[in-house]
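Novice: Before I ask anything, let me first share the structure, which is written out below as C-alpha cells.
Values in this text are rule-based calculations from the coordinates and carry no lab data. This is a predicted model, so every value here is computed, not measured. Ideal geometry is used to build each Cβ from the backbone, glycine not excepted, and the neighbour counts take in all protein chains shown.
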Amino acid sequence: MTKANTRVWIPALLLIVSVAAAQGVTYQARLSVVPLDVAMQGTIAGRGDVRGTLEGRTLVLSGRFSGLRTAATVARLHLSAVRGMRGAAVADLTVTPAVEGTVTGRVDLTPDQATALAQGRLYVQVHSEKAPDGNLWGWLLVVPARTGGGER
C-alpha cells in the first residue's frame, strides 16, 4: 500500500470503527431557550428534551417540548462548527404545531454528520410562530452508560 493510499484508508477505517462503536449509544438534548435579547423576552419561552439513538447510519430522534408562547412551526437538526454556536440546518424533523407536543425524526447521517454527532456538534432547534429564527435548542450529547452501584 502506498503512502497516499494509507492517508485515505486510515481515516476511513477510523470513521467506520467510531460509527460502529457508537451503535447502541443514547444521545440526549435538553431543549432550552435560544440566546435572546430584551425585545424577545416576551416571545421566547419553553423547555423540553430529545433522545436519540443510532440504528445503522440512521439517527432516530424522539422528544417533547412545552411552555412555548406561540405554536411550534418547524423543528430541524442542525450541524454546528462548535458546540454552542448556531449552524446550518441539515434535516427537517416532525413537530406538533402547538405550544406543547412532540419532536420526532429519522435522519440518515453522512459520515461527516456522524462524526459531528460523536463530537456533540449536532443540535435540535424548534421554531415557533413568533420566533421564526428559533425558540428552543439543545445539543445531542452522549448519555453516560450506567454501571453497577445502584441508584443515587
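Novice: Quick one: which residues, 5 or more positions from Val143 or on another chain, have an amide H under 5 Å from its amide H? H modelled 1.01 Å from N in the peptide plane, none for Pro or chain starts.
Specialist: The answer is Thr26, Tyr27, Gln28.
Novice: Please rank Ser128, Ser32, Ser80, fewest neighbouring Cβ atoms within 10 Å first, as an exposure proxy.
Specialist: Ser32, Ser80, Ser128
Novice: Right, here's the next one. Average projected area of the Cα convex hull of segment 3-142, in nm²?
Specialist: The number I arrive at for segment 3-142 is 8.3 nm².
Novice: Name the long-range amide H neighbours of Thr96: under 5 Å, sequence gap of 5 or more, or other chain; modelled H, no Pro or chain starts.
Specialist: Excluding prolines and chain starts, which carry no amide H, the hits are Thr102.
Novice: Follow-up. Amide H neighbours of Gly134 under 5 Å, at least 5 residues apart or on other chains, H built in the peptide plane: list them.
Specialist: Ser128
Novice: Still on this structure, please answer the following. Using unit Cβ charges (K, R positive; D, E negative) and no other charged atoms, how large, in debye to the nearest 20, is the dipole of segment 3-142 about its Cα centre?
Specialist: Here the size comes out at about 340 debye.
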